[in-house]
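Report on one structure; see the data block that follows.
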Amino acid sequence: MTDTSGPQAKTLALYGHPFSSYTWKALIPLYANVTPFDFRIVDPDHPENVEVVQSAGPHGKFPVLADGEHLIFEATSIIEYLALHYPGPEMLIPSDPDAAIGTRMLDRVFDNYVMNTMQVIVDEYIRDANNPDPALLAAVREKLTRTYGWLESWLQFYPAMGQITLIECAAAPSLFYADWVHPIGEEFPRLKRWRAHLLALPAVKRCVDDARPYRPFFPLGAPDRD
Ligand SMILES: N[C@@H](CCC(=O)N[C@@H](CS)C(=O)NCC(=O)O)C(=O)O
């Protein structure tokens with residue numbers, strides 16, 4: 001999928017899948033900072049890559065970043081690692097400690113209250129696409145609506161447009177898929193606009209485009225947009 005090459009030797013490799021939201025989260029900073037790396041797809045045709053991922057963390061999840069022999073898992077930790085060891089034009093974590101706490105807090109919001117919440121619905125459709133549990137779906141949709149409301153208020157005070165930090169890395173994939181699962185309503189105009197802004201960032205657009213061939217596999221059916 002990715003030719004990230006340049007003249008420099010690549011010491012980094014990212015293991016993941018182009019349709020995986022958490023893989024996007026790690027790809028976005030690599031693309032944004034033009035950091036050279038090899039992409040290693042995790043799928044049944046590449047058991048050697050599956051093996052690396054299985055060896056890295058307790059549940060064998062991806063993405064995994066390899067820097068030589070050093071394996072880093074958890075997308076947030078990968079971004080922290082990149083910010084420290086492979087800095088680029090985008091300052092992924094603010095240097096001011098208080099601002100950094102705020103950035104990390106928002107990262108938790110997107111993982112825990114958007115991505116992982118939305119994933120409950122996706123998992124329910126994987127379990128039985130024809131007969132998902134309506135009570136479960138309603139409860140999770142209510143949680144997502146509450147999160148959208150919170151983000152709509154938060155965006156009033158989030159000044160930035162254009163930069164890529166840990167916040168954007170977490171927000172773009174989680175809002176991309178959450179909107180497919182539980183559309184962001186007209187009552188959340190700032191959030192709708194911000195999602196559109198995020199998807200237009202070149203580093204994010206590249207992830208969206210590379211994932212297009214896999215859309216037929218989306219358990220709820222991918223909408224004909226984005
Ligand atoms: N907390 C992990 C979540 C990673 C995760 O859930 N990855 C999914 C792909 S988006 C995965 O590995 N799925 C395959 C599996 O669970 O076996 C992170 O932030 O990196």
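The values are calculated or read from the model by the stated rules, or taken from the named source; none is laboratory data. Everything quoted here is computed from the prediction, not taken from an experiment. Every residue, glycine among them, receives a Cβ derived from its backbone with ideal geometry; neighbour counts consider all protein chains shown. Each accessible area value is taken on the protein alone, full model and side chains, heavy atoms only, with ligands, DNA and RNA left out. Shrake-Rupley method; radii C 1.70, N 1.55, O 1.52, S 1.80 Å.
List of remarks:
- Residue 54 meets each of the listed conditions (1) within 12 Å of the ligand (Cβ to nearest atom); (2) open to solvent by less than 20 Å² (accessible area, probe 1.4 Å); (3) more than 11 Å from the chain's Cα centre (by Cα) apart from (2).
- Selection of the range 163-177 for residues being polar (S, T, N, Q) and either modelled with pLDDT of 95 or more or under 15 Å from residue 147 (Cβ atoms) (or both) yields 165, 174.
- Selection within the range 1-32: residues that are among the β-branched types (Val, Ile, Thr) and at pLDDT 95 or above. The member of this set that is farthest from the ligand (Cβ to nearest atom) is 28.
- Just one of the numbered conditions (1) crowded, with 18+ Cβ neighbours inside 10 Å; (2) within 13 Å of the ligand (Cβ to nearest atom) is not true of residue 35: (2).
- Filter pass, residue 120 being modelled with pLDDT of 95 or more, over 25 Å from residue 53 (Cα atoms), in a helix (DSSP H, G or I) and within 14 Å of the ligand (Cβ to nearest atom): no
- Residue 164 satisfies every condition listed in (1) in contact (Cβ under 8 Å) with a residue 60 or more places away in the chain; (2) touching a Leu at 6+ places or on another chain (Cβ under 8 Å); (3) surrounded by fewer than 18 Cβ atoms within 10 Å (Cβ to Cβ) except (3).
- Selection from the range 132-159 of residues that are of a type in the set (A, V, I, L, M, F, W, C) and not in a helix (DSSP H, G or I): 157
- A search for C-beta distances below 6 Å between a residue of the range 189-209 that is basic (Lys, Arg) and any residue that is exposed (fewer than 14 other Cβ atoms within 10 Å of the Cβ), counting only pairs 6+ apart in sequence or on different chains, returns nothing.
- Test for residue 61: is it in contact with a helix residue (DSSP H, G or I) (Cβ under 8 Å, 6 or more places away or on another chain), under 26 Å from residue 216 (Cα atoms), within 14 Å of the ligand (Cβ to nearest atom) and open to solvent by 80 Å² or more (accessible area, probe 1.4 Å): yes
- The condition of being among the hydrophobic types (A, V, I, L, M, F, W, C), farther than 14 Å from residue 210 by Cβ and within 8 Å of the ligand (Cβ to nearest atom) does not hold for residue 72.
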